[in-house]
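Trainee: Okay, handing you the structure first.
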Amino acid sequence: MNLAVNARDAMPHGGQLLISTALVDIDATYVERHSVEARGGRFVCLSLADTGCGMDSVTLHRLFEPFFTTKEFGKGTGLGLATVYGIVKQHGGWIEVSSQLGQGSTFKVFLPPDDRSDERRGERAFHEKALRGTETILVIEDESPVRWIVKDVLSKYGYHVLEAGSGVEALALWHQHHDEIALLLTDLVMPVGLSGQELAEQFTTQKPALKVIYISGYSLQVAGKGFSVLDGLNFLQKPFDDTKLALAVRQGLDS
Ligand SMILES: Nc1ncnc2c1ncn2[C@@H]1O[C@H](COP(=O)(O)OP(=O)(O)OP(=O)(O)O)[C@@H](O)[C@H]1O
Ligand SMILES: [Mg+2]
(Lines give C-alpha, C1' and ligand atoms only; values in the text may rest on other atoms or scores of the structure.)
(Ligands and ions follow the chains in the order given, each with its own letter.)
Protein backbone atom coordinates (compact mmCIF):
# COMPACT_ATOMS: atom_id res chain seq x y z
CA MET A 1 0.00 0.00 0.00
CA ASN A 2 2.69 2.50 0.98
CA LEU A 3 4.72 1.46 -2.07
CA ALA A 4 1.73 2.16 -4.32
CA VAL A 5 1.06 5.51 -2.63
CA ASN A 6 4.71 6.47 -3.07
CA ALA A 7 4.48 5.55 -6.76
CA ARG A 8 1.36 7.70 -7.12
CA ASP A 9 3.13 10.61 -5.43
CA ALA A 10 6.06 10.18 -7.80
CA MET A 11 3.71 10.56 -10.79
CA PRO A 12 1.81 13.80 -10.16
CA HIS A 13 1.03 14.14 -13.89
CA GLY A 14 0.02 10.52 -14.33
CA GLY A 15 1.97 7.53 -15.49
CA GLN A 16 2.01 3.80 -15.18
CA LEU A 17 2.34 1.57 -12.17
CA LEU A 18 2.98 -2.04 -12.96
CA ILE A 19 2.43 -4.44 -10.07
CA SER A 20 3.48 -8.03 -10.60
CA THR A 21 4.23 -11.14 -8.62
CA ALA A 22 6.51 -14.06 -9.42
CA LEU A 23 7.98 -17.12 -7.82
CA VAL A 24 11.75 -16.85 -8.21
CA ASP A 25 14.70 -19.11 -7.52
CA ILE A 26 17.60 -17.11 -6.21
CA ASP A 27 21.09 -18.53 -6.76
CA ALA A 28 24.55 -17.52 -5.59
CA THR A 29 25.25 -15.42 -8.70
CA TYR A 30 22.08 -13.43 -8.09
CA VAL A 31 22.99 -12.84 -4.45
CA GLU A 32 26.42 -11.58 -5.51
CA ARG A 33 25.03 -9.19 -8.10
CA HIS A 34 22.14 -7.84 -6.10
CA SER A 35 21.29 -6.87 -2.55
CA VAL A 36 23.61 -7.85 0.30
CA GLU A 37 20.48 -8.96 2.10
CA ALA A 38 19.49 -11.46 -0.60
CA ARG A 39 19.76 -15.17 0.13
CA GLY A 40 19.57 -18.25 -2.01
CA GLY A 41 16.37 -20.26 -2.29
CA ARG A 42 12.82 -19.92 -3.56
CA PHE A 43 11.08 -16.62 -2.91
CA VAL A 44 7.91 -14.78 -3.82
CA CYS A 45 8.76 -11.50 -5.52
CA LEU A 46 6.28 -8.62 -5.46
CA SER A 47 7.37 -5.91 -7.84
CA LEU A 48 6.08 -2.34 -8.24
CA ALA A 49 7.47 -0.43 -11.19
CA ASP A 50 6.44 3.17 -11.76
CA THR A 51 7.22 5.68 -14.50
CA GLY A 52 7.52 8.54 -12.02
CA CYS A 53 10.17 11.09 -11.13
CA GLY A 54 12.74 8.56 -9.96
CA MET A 55 15.33 9.25 -7.28
CA ASP A 56 18.82 10.70 -7.06
CA SER A 57 21.54 8.69 -5.34
CA VAL A 58 21.23 10.58 -2.04
CA THR A 59 17.53 9.68 -1.77
CA LEU A 60 18.26 6.11 -2.88
CA HIS A 61 20.72 5.69 -0.03
CA ARG A 62 18.50 7.15 2.64
CA LEU A 63 14.95 6.15 1.71
CA PHE A 64 14.52 3.48 4.38
CA GLU A 65 15.60 5.78 7.19
CA PRO A 66 12.75 6.62 9.59
CA PHE A 67 11.57 10.21 9.06
CA PHE A 68 13.47 10.57 5.78
CA THR A 69 11.17 12.30 3.31
CA THR A 70 11.53 14.64 0.36
CA LYS A 71 7.86 15.58 0.55
CA GLU A 72 6.83 19.01 1.73
CA PHE A 73 6.04 19.60 5.36
CA GLY A 74 2.73 18.00 6.30
CA LYS A 75 2.67 15.70 3.24
CA GLY A 76 4.87 12.79 4.28
CA THR A 77 6.14 11.51 7.59
CA GLY A 78 8.99 9.53 6.07
CA LEU A 79 7.88 6.50 8.06
CA GLY A 80 6.34 4.64 5.12
CA LEU A 81 9.37 2.82 3.83
CA ALA A 82 10.87 2.39 7.30
CA THR A 83 7.69 0.50 8.21
CA VAL A 84 7.70 -1.52 4.97
CA TYR A 85 11.33 -2.42 5.64
CA GLY A 86 10.51 -3.56 9.18
CA ILE A 87 7.56 -5.69 8.07
CA VAL A 88 9.46 -7.36 5.24
CA LYS A 89 12.45 -8.03 7.50
CA GLN A 90 10.20 -9.60 10.14
CA HIS A 91 8.92 -12.00 7.51
CA GLY A 92 12.43 -13.03 6.58
CA GLY A 93 12.55 -11.09 3.32
CA TRP A 94 14.32 -8.12 1.79
CA ILE A 95 13.70 -5.23 -0.61
CA GLU A 96 15.59 -4.19 -3.74
CA VAL A 97 15.22 -0.75 -5.26
CA SER A 98 16.41 0.47 -8.62
CA SER A 99 15.81 3.99 -9.81
CA GLN A 100 17.25 6.84 -11.77
CA LEU A 101 16.26 10.46 -11.71
CA GLY A 102 13.55 11.00 -14.31
CA GLN A 103 13.48 7.31 -15.21
CA GLY A 104 10.97 5.89 -12.73
CA SER A 105 11.54 3.48 -9.87
CA THR A 106 11.16 -0.23 -9.25
CA PHE A 107 10.69 -1.71 -5.80
CA LYS A 108 10.99 -5.48 -5.46
CA VAL A 109 9.90 -7.15 -2.25
CA PHE A 110 11.20 -10.69 -1.75
CA LEU A 111 9.42 -12.92 0.76
CA PRO A 112 9.83 -16.58 1.64
CA PRO A 113 6.80 -18.55 0.37
CA ASP A 114 4.29 -20.10 2.76
CA ASP A 115 5.13 -23.77 2.43
CA ARG A 116 3.15 -25.05 5.37
CA SER A 117 1.85 -28.48 4.57
CA ASP A 118 -1.77 -29.60 4.99
CA GLU A 119 -0.71 -31.59 8.02
CA ARG A 120 0.59 -28.47 9.72
CA ARG A 121 -2.66 -26.74 8.84
CA GLY A 122 -4.59 -29.53 10.57
CA GLU A 123 -2.40 -29.13 13.62
CA ARG A 124 -3.14 -25.43 13.56
CA ALA A 125 -6.89 -26.04 13.46
CA PHE A 126 -6.48 -28.11 16.59
CA HIS A 127 -4.58 -25.33 18.35
CA GLU A 128 -7.21 -22.82 17.30
CA LYS A 129 -9.71 -24.48 19.62
CA ALA A 130 -7.48 -23.54 22.53
CA LEU A 131 -7.58 -19.92 21.39
CA ARG A 132 -11.32 -19.55 21.82
CA GLY A 133 -13.03 -17.52 24.54
CA THR A 134 -16.28 -15.85 25.52
CA GLU A 135 -15.00 -12.73 27.29
CA THR A 136 -16.00 -9.22 26.28
CA ILE A 137 -13.37 -7.20 24.45
CA LEU A 138 -13.41 -3.48 23.73
CA VAL A 139 -11.67 -2.73 20.43
CA ILE A 140 -10.57 0.87 19.83
CA GLU A 141 -9.29 1.49 16.33
CA ASP A 142 -9.90 4.53 14.15
CA GLU A 143 -9.37 2.75 10.82
CA SER A 144 -12.75 1.12 10.23
CA PRO A 145 -11.57 -1.69 7.90
CA VAL A 146 -9.03 -2.81 10.47
CA ARG A 147 -11.61 -2.57 13.24
CA TRP A 148 -14.11 -4.66 11.26
CA ILE A 149 -11.56 -7.36 10.56
CA VAL A 150 -10.49 -7.51 14.21
CA LYS A 151 -14.13 -7.75 15.28
CA ASP A 152 -14.81 -10.45 12.73
CA VAL A 153 -11.86 -12.56 13.76
CA LEU A 154 -12.50 -12.27 17.49
CA SER A 155 -16.21 -13.00 17.07
CA LYS A 156 -15.26 -16.11 15.10
CA TYR A 157 -13.23 -17.22 18.13
CA GLY A 158 -16.29 -16.81 20.34
CA TYR A 159 -15.59 -13.45 21.96
CA HIS A 160 -18.11 -10.71 22.50
CA VAL A 161 -16.72 -7.61 20.81
CA LEU A 162 -17.56 -3.94 21.42
CA GLU A 163 -16.08 -1.56 18.87
CA ALA A 164 -15.12 2.08 19.14
CA GLY A 165 -13.74 4.23 16.32
CA SER A 166 -12.55 7.02 18.61
CA GLY A 167 -11.66 7.84 22.17
CA VAL A 168 -15.07 9.42 22.71
CA GLU A 169 -16.91 6.31 21.56
CA ALA A 170 -14.66 4.21 23.76
CA LEU A 171 -15.48 6.31 26.82
CA ALA A 172 -19.21 5.91 26.21
CA LEU A 173 -18.93 2.13 25.80
CA TRP A 174 -16.70 1.87 28.85
CA HIS A 175 -19.21 3.81 30.88
CA GLN A 176 -21.98 1.35 29.94
CA HIS A 177 -20.07 -1.93 29.92
CA HIS A 178 -17.04 -1.64 32.21
CA ASP A 179 -18.30 -4.54 34.31
CA GLU A 180 -18.11 -7.05 31.45
CA ILE A 181 -15.09 -5.71 29.56
CA ALA A 182 -12.16 -8.00 30.31
CA LEU A 183 -9.70 -6.79 27.72
CA LEU A 184 -8.94 -3.57 25.90
CA LEU A 185 -7.46 -3.89 22.41
CA THR A 186 -6.48 -0.42 21.34
CA ASP A 187 -4.61 1.33 18.58
CA LEU A 188 -1.70 3.19 20.10
CA VAL A 189 -1.56 6.07 17.65
CA MET A 190 -4.87 7.79 16.95
CA PRO A 191 -5.14 11.04 15.06
CA VAL A 192 -7.60 12.85 17.32
CA GLY A 193 -8.54 13.00 20.97
CA LEU A 194 -7.28 10.71 23.68
CA SER A 195 -4.51 8.27 22.79
CA GLY A 196 -4.88 4.54 23.31
CA GLN A 197 -2.46 4.74 26.19
CA GLU A 198 -4.34 7.51 27.97
CA LEU A 199 -7.58 5.54 27.70
CA ALA A 200 -5.90 2.38 28.95
CA GLU A 201 -4.44 4.21 31.93
CA GLN A 202 -7.78 5.74 32.80
CA PHE A 203 -9.63 2.42 32.50
CA THR A 204 -7.10 0.34 34.40
CA THR A 205 -7.13 2.85 37.24
CA GLN A 206 -10.88 2.22 37.51
CA LYS A 207 -10.57 -1.51 36.95
CA PRO A 208 -7.13 -2.91 37.80
CA ALA A 209 -8.04 -6.41 36.51
CA LEU A 210 -8.54 -5.07 32.99
CA LYS A 211 -6.03 -6.48 30.47
CA VAL A 212 -4.64 -4.25 27.72
CA ILE A 213 -3.12 -4.99 24.32
CA TYR A 214 -1.83 -2.18 22.12
CA ILE A 215 -1.83 -2.43 18.36
CA SER A 216 0.05 -0.24 15.93
CA GLY A 217 1.27 -0.15 12.37
CA TYR A 218 4.54 1.25 13.59
CA SER A 219 7.14 -0.81 15.37
CA LEU A 220 7.40 -0.55 19.13
CA GLN A 221 10.55 1.58 18.80
CA VAL A 222 8.74 4.18 16.72
CA ALA A 223 5.25 3.99 18.24
CA GLY A 224 6.55 3.69 21.80
CA LYS A 225 8.61 6.88 21.54
CA GLY A 226 7.85 9.19 24.40
CA PHE A 227 5.92 6.59 26.37
CA SER A 228 7.29 5.48 29.68
CA VAL A 229 7.03 1.69 29.70
CA LEU A 230 5.49 -0.58 27.17
CA ASP A 231 5.76 -4.25 27.78
CA GLY A 232 6.68 -6.00 24.53
CA LEU A 233 4.23 -8.71 25.48
CA ASN A 234 1.13 -6.58 25.27
CA PHE A 235 2.06 -5.05 21.95
CA LEU A 236 0.85 -6.34 18.60
CA GLN A 237 2.33 -4.87 15.43
CA LYS A 238 0.22 -4.65 12.29
CA PRO A 239 -0.16 -6.51 10.07
CA PHE A 240 -1.14 -9.60 12.06
CA ASP A 241 -3.01 -12.70 10.99
CA ASP A 242 -6.02 -14.29 12.70
CA THR A 243 -4.00 -16.73 14.74
CA LYS A 244 -1.54 -14.15 15.98
CA LEU A 245 -4.38 -11.89 17.08
CA ALA A 246 -6.31 -14.69 18.78
CA LEU A 247 -3.15 -15.91 20.50
CA ALA A 248 -2.26 -12.45 21.81
CA VAL A 249 -5.81 -11.99 23.09
CA ARG A 250 -5.94 -15.40 24.77
CA GLN A 251 -2.53 -14.88 26.36
CA GLY A 252 -3.47 -11.37 27.43
CA LEU A 253 -6.65 -12.60 29.09
CA ASP A 254 -4.87 -15.48 30.82
CA SER A 255 -1.93 -13.40 32.02
N1 LIG B 1 8.30 5.32 -6.10
C2 LIG B 1 9.06 6.35 -5.72
N3 LIG B 1 9.51 7.24 -6.64
C4 LIG B 1 10.28 8.29 -6.25
N5 LIG B 1 10.67 8.53 -4.99
C6 LIG B 1 10.26 7.68 -4.03
C7 LIG B 1 9.44 6.55 -4.35
N8 LIG B 1 9.19 5.87 -3.19
C9 LIG B 1 9.84 6.56 -2.22
N10 LIG B 1 10.47 7.64 -2.71
C11 LIG B 1 11.29 8.60 -1.94
O12 LIG B 1 11.58 8.05 -0.66
C13 LIG B 1 11.14 8.95 0.37
C14 LIG B 1 10.74 8.15 1.59
O15 LIG B 1 9.55 7.40 1.33
P16 LIG B 1 8.61 6.99 2.56
O17 LIG B 1 7.48 6.19 2.02
O18 LIG B 1 9.47 6.37 3.60
O19 LIG B 1 8.14 8.36 3.14
P20 LIG B 1 7.10 9.41 2.49
O21 LIG B 1 6.34 8.78 1.37
O22 LIG B 1 7.86 10.67 2.19
O23 LIG B 1 6.12 9.67 3.71
P24 LIG B 1 4.99 8.67 4.26
O25 LIG B 1 5.09 7.37 3.51
O26 LIG B 1 5.33 8.48 5.70
O27 LIG B 1 3.72 9.38 4.04
C28 LIG B 1 10.04 9.76 -0.28
O29 LIG B 1 9.87 11.01 0.35
C30 LIG B 1 10.55 9.91 -1.71
O31 LIG B 1 11.53 10.92 -1.79
MG1 LIG C 1 5.35 6.86 1.65
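Trainee: Using alpha carbons only, what's the Rg to Rh ratio of segment 2-111 with Rh from Kirkwood?
Mentor: Answer for segment 2-111: 0.97.
Trainee: Let me know the Kirkwood hydrodynamic radius for segment 46-177, please, with Cα pairs as the basis and the value in Å to one decimal.
Mentor: 18.9 Å
Trainee: How big is D, in µm² s⁻¹, for segment 160-206 by Stokes-Einstein at 25 °C and 0.890 mPa s if Rh is the Kirkwood radius over C-alpha pairs?
Mentor: Estimated via Stokes-Einstein, D reaches 226 µm²/s.
Trainee: With every protein chain in place, what's the accessible area of His177 (1.4 Å probe, Å², nearest 10)?
Mentor: Estimated to the nearest 10 Å², His177 gives 40 Å².
Trainee: How many times 2.2 N^0.38 Å is the alpha carbon radius of gyration of the chain?
Mentor: Compared with the compact-globule rule of thumb, the chain sits at 1.17.
Trainee: Next up: Take Cys53, Cys45 and sort them by solvent-accessible surface of the protein heavy atoms, 1.4 Å probe, largest at the top.
Mentor: Values: Cys53 75, Cys45 10 Å².
Sorted descending by solvent-accessible area, the residues read Cys53, Cys45.
Trainee: Once you have a ≥ b ≥ c as the square roots of the Cα gyration tensor eigenvalues for segment 27-87, tell me rounded if a/c is under 1.5, and otherwise prolate or oblate according to whether a/b is larger than b/c. Please report the intermediate quantities before stating the final value.
Mentor: Numbers: a/c = 2.25, a/b = 2.00, b/c = 1.13.
Note, shape of segment 27-87 comes out prolate.
Trainee: Please list Asp187, Asp242, Asp27, Asp152 in order of solvent-accessible area, largest first, computed with a 1.4 Å probe with all protein chains present. Please report the intermediate quantities before stating the final value.
Mentor: Working: Asp187 5, Asp242 60, Asp27 85, Asp152 110 Å².
The residues order as Asp152, Asp27, Asp242, Asp187, largest area first.
Trainee: Continuing with the same structure: Leaving ligands and nucleic acids out of the surface, order Val97, Val161, Val189, Val36 by accessible area at 1.4 Å, largest first.
Mentor: Val36, Val189, Val97, Val161
Trainee: Out of all DSSP beta bridges with both ends in the chain, state the antiparallel percent to the nearest 5.
Mentor: Working: 23 of 41 bridges.
Of all bridge pairs located within the chain, approximately 55 percent are antiparallel.
Trainee: Within the set Lys89/Lys129; Lys89/Lys238; Lys151/Lys211, which residue pairs have Cα atoms separated by over 21 Å?
Mentor: Values: Lys89/Lys129 30 Å; Lys89/Lys238 14 Å; Lys151/Lys211 17 Å.
As for pairs spanning more than 21 Å Cα to Cα, those are Lys89/Lys129.
Trainee: Toward the positive end of the charge dipole of the chain, about the Cα centre and with charges on Cβ (Lys, Arg +1; Asp, Glu -1), which of Trp174, Ile213, Val31 goes farthest?
Mentor: Comparing the listed Cα positions along the dipole, Val31 ranks first.
Trainee: Next up: Using alpha-carbon pairs under 8 Å, 6+ residues apart, how would you state the relative contact order of segment 2-111 in percent?
Mentor: 30 percent.
Trainee: Taking a probe of 1.4 angstrom, what is the accessible area of Thr106 in Å², to the nearest 10?
Mentor: Number for this one is 40 Å².
Trainee: Given Cβ point charges of +1 (Lys, Arg) and -1 (Asp, Glu) and nothing else, what value in debye, to the nearest 20, does the dipole of the chain about its Cα centre take?
Mentor: 220 debye
The values are calculated or read from the model by the stated rules, or taken from the named source; none is laboratory data. Here the structure is a predicted model, which means the values were calculated and not measured. Here Cβ is always computed from backbone atoms with ideal geometry, including for glycine, and neighbour counts include all displayed protein chains. What goes into the accessible areas is simple: the full protein's heavy atoms, side chains included, and nothing from ligands, DNA or RNA. Shrake-Rupley method; radii C 1.70, N 1.55, O 1.52, S 1.80 Å.
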